[in-house]
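The values are calculated or read from the model by the stated rules, or taken from the named source; none is laboratory data. If you're wondering where the values come from, they're calculated on a predicted model, not measured in any experiment. Reconstructed Cβ throughout: ideal geometry from the backbone, glycine too, with neighbour counts over all protein chains shown.
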Amino acid sequence: MDLAIKNGEVYVNGAFEKMNVYIKDGRIAALSDKDIASKEVYDAKGAMVLPGLIDPHVHFALDLGAFVSVDDFEAGSKAAAYGGVTTFIDFLDPVDNVENLKKAYEKRKQEAERSHLDYAFHATIKNPKDDLETFVLTMKTLGITTLKFFTTYSDSNRRTYDKDIKELLRLSKKHGITLLAHIENDEMITLDDAYTHEDLPKSRPSKSETSEALKLASYVEKTGGTLYMVHLSSGDTLRALKERYPHLLNKNFIIESCPQYFTFNHDQLKGEAGKLFTFAPPLRSERERKILREHIEDIHTIGTDHCAFMKADKQTEKLKDMPLGIGGVEHSFSIMYRHFGPEVIPKMSENIASVHRLAPQKGSIAVGADADLAIFEAKETTIDTNHAASDYSVYESLKGGAALRATIARGEFIVKDQAFFPRQGRYLKRSVSNA
């Protein structure tokens, strides 16, 4: 064997077991309590050996025109590795036709060549002009099985309207793809030029998310399509979906949320320091945060919506001039593990791999799978590191629940005892036959 991970508590099939993990040629070759000769041995005593975490929602080098998110694929993947993440999914630029879809793919592939971790892409559509079925079929030839749309941002022509959404849902059923949706009711959003960062919850109220999510769930029910709601922010939205569409929840209507919505409330936006907590959808009330936490079992996946900027980028007086987004990929597991313990592990690994067609190679510790592992010690920590390019983290000085010992990507240490070992990630071409 090339590498043995010994004496750890290994997370297999939803439970921890004392066993050794043996790796050969970048894959898991054996799970056993026996000693098998290995070139290298890592002692994981006192630690959890987890599947390499997957972040299904990051925005590296996102070009917003006036600003570009500061973590490119090199910096972002390095920060992710320090968080136990071994795979991530980024997004192609929003396009409205097939020709630009191909161009967006080639552009992103070139940018992602500097990634240290394996990666995949979601396609993104905006107010489409081409035949939708041709768009879906073209995307599948690129190894992409997920397509994101926005129900808002009509001001920048990114919104996709109901007629096309219904057709995309029908196509999702026909062709086995999954639609991703940024869900806010565009008519309920106000973009007043006078708004400051403190007005963000007023600009994008909770009811805009809840009402639109219920509408889209009704479309899913009628079409039989599959929709994945990104970054659910409000406990009210989740509770309403549970009450009205329990038969769809995390089957045809899949819920993703993010660490920030479990950790902070909208009071964080007050004062000058609040500028650093601006993103969309925004933070919600403490009441909504508590409801969200009470219903963690109904959240199927955790993504970060990592889209980091510098402190200086946030120092605008008007909300309309401010880039929205925060970092989070490095600290997401520690934060979520402190909140909820082992319950979050499948939501950050196996569930993501299954929904996004990365299984069986990713998301679980199993013989034949890629040897992607995250080794954490479960203990209280204080978050005081930042390996990303951004000069701040909203999680700095908070208590975490897990300390990283090592991250292994396809059998190679990329982080070990806080040292970083650069490596080359690869593009993961997905198909509907996966998972």
What do you reckon, is ALA75 modelled with pLDDT of 95 or more, touching a strand residue (DSSP E or B) at 6+ places or on another chain (Cβ under 6 Å) and small (Gly, Ala, Ser)?
-> no
Considering only region 173-219, state which residues are assigned to a helix (DSSP H, G or I) and among the charged types (D, E, K, R).
-> LYS173, LYS174, ASP186, GLU187, GLU198, ASP199, LYS202, LYS207, GLU209, GLU212, LYS215
For SER172, state whether it is closer than 21 Å to GLU212 by Cβ and small (Gly, Ala, Ser).
-> yes
Taking LEU191, is it in the same structural domain as GLY325 (by TED's automatic domain parsing), modelled with pLDDT under 95 and either surrounded by fewer than 21 Cβ atoms within 10 Å (Cβ to Cβ) or not polar (S, T, N, Q) (or both)?
-> yes
Of all residues in region 264-323, count the ones that are aliphatic (A, V, I, L, M) and assigned to a helix (DSSP H, G or I).
-> 8
Close pairs (8 angstrom Cβ cut-off, 6 or more residues apart or separate chains): touching a residue at least 12 places away in the same chain (Cβ under 8 Å) and of a type in the set (Asp, Glu) in region 236-255, assigned to a helix (DSSP H, G or I) and buried (at least 19 other Cβ atoms within 10 Å of the Cβ) anywhere = ASP236/SER206; ASP236/THR210; ASP236/GLU288
Considering only region 45-98, state which residues are small (Gly, Ala, Ser) and closer than 25 Å to ASP313 by Cβ.
-> ALA61, GLY65, ALA66, SER69, ALA75, GLY76, SER77, ALA79, ALA80, ALA81, GLY83
Can you give me the number of residues within region 139-174 that are crowded, with 18+ Cβ neighbours inside 10 Å, over 23 Å from the mean Cα position of the chain (by Cα) and hydroxyl-bearing (Ser, Thr, Tyr)?
-> 0
State yes or no: is GLY224 crowded, with 23+ Cβ neighbours inside 10 Å, among the small types (Gly, Ala, Ser), in contact with a Leu (Cβ under 9 Å, 6 or more places away or on another chain) and more than 22 Å from PHE91 (Cβ to Cβ)?
-> no
Breaking point among (1) outside the structural domain of MET348 (by TED's automatic domain parsing); (2) not in a strand (DSSP E or B), for ILE23 = (2)
Among (1) part of a strand (DSSP E or B); (2) in contact with a Phe, Trp or Tyr (Cβ under 7 Å, 6 or more places away or on another chain), the one test that TYR228 misses = (2)
Residue identified as within 25 Å of PHE91 (Cα to Cα) and out of contact with any Ser or Thr (no Cβ under 9 Å at 6 or more places or on another chain) among PHE309, PHE340, PHE279 = PHE279
For region 141-159, the count of residues that are outside any loop (DSSP other than H, G, I, E, B) and free of Cβ contacts under 8 Å to residues at least 40 places away in the same chain equals 7
If you go through region 50-57 one residue at a time, do you hit one that is without any contact (Cβ under 8 Å) to a residue 12 or more places away in the chain, in the same structural domain as ASP321 (by TED's automatic domain parsing) and not β-branched (Val, Ile, Thr)?
-> no
Quick one: which residue in ASP162, ASP131 is in the same structural domain as VAL58 (by TED's automatic domain parsing), free of Cβ contacts under 8 Å to residues at least 40 places away in the same chain, farther than 19 Å from LEU64 by Cα and charged (D, E, K, R)?
-> ASP131
Output for region 324-335, where each listed residue is part of a helix (DSSP H, G or I) and under 14 Å from HIS57 (Cβ atoms) | SER332
Within region 44-68, count every residue that is part of a loop (DSSP other than H, G, I, E, B), surrounded by fewer than 24 Cβ atoms within 10 Å (Cβ to Cβ) and of a type outside the set (A, V, I, L, M).
-> 5
Does THR237 satisfy being hydroxyl-bearing (Ser, Thr, Tyr), assigned to a loop (DSSP other than H, G, I, E, B) and in the same structural domain as SER156 (by TED's automatic domain parsing)?
-> no
